[in-house]
Structure formats: structure tokens, C-alpha cells
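This report refers to the structure that appears directly beneath it.
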Amino acid sequence: MAIYLNIMADVKTEIADCAADMDRHLDRLLGPAGPNGPGLAPERLVAAMRHGTLNGGKRLRPLLVRQSAAIFGLSPNATLCASAAVELVHCYSLIHDDLPAMDDDDTRRGKPSVHVAFDQATAILAGDALLTLAFHVLAKSDCHDDAGIRTALVLELAAGAGAGGMAGGQMRDLEGENKSLAEPDITTMQAMKTGALIRASVRMGALLGGATAEELSALTAYGEAAGRAFQIADDILDETATPQRMGKATGKDAARKKPTLVARIGMDTAKRRLGENVHNAISALTLFSTGADGLRATARYFATREF
């Protein structure tokens, strides 16, 4: 038990360190010299982008990029650009998910959602601009010296975020509100909506590190299982946690009859599935030694997190 508690304490420290690094980097990216192009970015748009990004997130997806790359000896600094790109995509998705036409949430991370703090049109544009900025960050030479690696990172993130990944998963989620989805359909929807970006995060770290095909396959299996665990834990928390703890409204999945595994198979079975997926994620890392301990601890954290 003492060893387990130490592991959890270590991963929480690592989460805090990664979040601090990421917040500083995102602050620079969204500073006066950041999101400009041929023209000067409107102040209101940049303010909305900053509101939706610099608002206390745990930065778990950047952490996965960092931990995956660490297996291959890369320093956290070497992953900053790729990690930031993943987080920019994640933040864009949250801004759009909160819109009245989507999940209709007025709070995010304990603060007003972007469409509440500003307006719906500005929220849409802020999300669009963050998504675009993510690929700008990946394409720049300071992301990686090798243009081939940068291209691979762009392709990986695009696949995870697009119609066959996160955006498509959100579409399936919306469709599920109007019909009863079977368990395999819910699993597919969640693997796309939430799991695809987690999978991409792990794979991007591996791509940065020059993983072999065998190593990339193992880390992909980890990312997929960890993504399933994360979403099941999120569904459980929506049923059990308070809005104050979560920083957003809870109980809305049931109210809107959203297709979740908790609703389909029950709380007890969902908790068993959570444990199974954590086990599967950790088992996928047998190829690696202690260099993958960060990923192992994060998978366990997904199952025990309280918000």
C-alpha cells in the first residue's frame, strides 16, 4: 500500500510539473506575438482563446506525450511543441463541446464557458483558431529538426482529431441521444470521441522518440486501453462527483440520455471494466522497462482520479 501511495504521489507531482510547463508555453503561444498571421489577431478573439486554454486544465494529454517520449530518452523540453499542439486541439474541442448546440455547458473548470464569457460566435471562432494554431505549432522547425517527423506528427494529430477520431466521435455521441446504442457502439463512439486524442498523444511521443514499429504498436495498445479507462472513469464521475469537484455540471449525461457504458451496463460492471482496461494498458508496456513507469502510473491515476 505504501508503494502504491508513493506512486500516486509521484504521478500527481508529475502532472503538476507538466501542467506548469505547459501553461507557460501556452501563455507564450497565445501572447502578443503568437496567433498573428498576415494581419493582427483581434484582441477579443485572442482573449477568448486564452480564456478557453489558460484556465487550469490538468494537461493530461501533454503528459502522455512527455511520458511516451521519455521512454526513448527525450527531455520534457523536447516535447513542448507537440504537447502544446495536442492541448490546443483538446481545448478547442472543449470550447465547441460546451456550446448550446452541443453539450450545452455553462461552466468549464470552475469558470464560465467561453460562449458564456464572450458569445457563441466568438467561441466558435476561438475554437477554430486554436485548432489551426495547433498545426501551425507542429509545422514549425522548432518542433523537430526532421521535416519527416513533423509531417508524421501532423498526420497523427489530424487523424486523432478529425472525422474518424474526436470530431466523428462527437457526432456519434449526438446521434446517440436520439436512439439506443448497443454496448459495442458506445465503445466505438468513446474510442473516437475521447480515446483517439489520448491514443494520438501517446503515439506522438513515440514518433518524437524514434520508436520502432514494435514499440509503436505496444504504445498504441497502451493508448487505446488508457483512453477507454479514462472515458469510463469520466462517466463514473459524472454520476458520482459534485459539480464543485468537477468544475462543471454533473449528472447531465443521464439527464440528456447520453449513451454511456454506465447507463448501458451499470455502475458495478463499469467499474470492473475500468479495472480491466487499466490492467490492459499496463500489460501493453511489458516491452519497456522502468522508462515506461510514468505511463503505468498515469493509467492507474485514470482509475483513481476524483475530478
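We did not get these values from a lab; they are worked out from the coordinates using the rules stated. Here the structure is a predicted model, which is why all the values come from computation and not from measurement. Backbone-built Cβ (ideal geometry, glycine too); neighbour counts: all protein chains shown.
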Using alpha carbon centroids, what distance separates segment 6-75 and segment 161-177, in Å? 25
Using +1 on the beta carbon of Lys and Arg, -1 on that of Asp and Glu, and nothing else charged, what's the dipole of the chain about the Cα centre, debye to 20? 300
Additional length obtainable on full extension of the chain from Ser180 to Arg44, 0.36 nm per residue less Cα span: 44.9 nm
Just to check, using Stokes-Einstein with a Kirkwood Rh over alpha carbon pairs, what's the diffusion coefficient of segment 88-203 at 20 °C and 1.002 mPa s in µm²/s? 141
When the chain is modelled as a GNM with alpha-carbon springs shorter than 10 Å, which of Ala263, Ala121, Ala233 fluctuates the most? Ala121
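Please compute the length gained on full extension between Ser289 and Thr13, using 0.36 nm multiplied by the number of residues separating them and subtracting their Cα-Cα distance.
Fully extending the segment from Ser289 to Thr13 adds 97.2 nm.
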Give me the orientation-averaged projected area of the Cα convex hull of the chain, in nm², one decimal. 15.2
Calculated from DSSP H runs of 4 or more alone, at -39500 (n - 2.57) each and per residue, what is the 222 nm mean residue ellipticity of the chain, nearest 500? -21500 deg cm²/dmol
With Rg and the Kirkwood Rh both taken from Cα atoms, where does Rg over Rh land for segment 148-307? 0.99
Considering the dipole of segment 191-236 built from charges on the beta carbon (Lys and Arg +1, Asp and Glu -1) around the Cα centre, which of Gly223, Ala233, Ala191 is farthest to its positive end? Ala191
With a point put 7 Å past each Cα toward its Cβ, work out how far Ala121 is from Leu54 in nm, to one decimal. 2.6
Place +1 on the Cβ of every Lys and Arg and -1 on the Cβ of every Asp and Glu in the chain, take the dipole about the Cα centre, and give the residue among Gly39, Met267, Val86 whose Cα lies farthest towards its positive end. Met267
Taking segment 253-307, the equivalent ellipsoid from its C-alpha gyration tensor has semi-axes in Å, biggest first, of 28, 12, 8
Using square roots of five times the C-alpha gyration tensor eigenvalues, list the equivalent-ellipsoid semi-axes of segment 5-138 in whole Å, biggest first. 27, 18, 11
Across the chain, how many lysine pairs, 8 or more apart or on two chains, come within less than 19 Å at their alpha-carbon atoms? 17
Unpaired by the 4.7 Å Cβ criterion, cysteines found in the chain: Cys18, Cys91
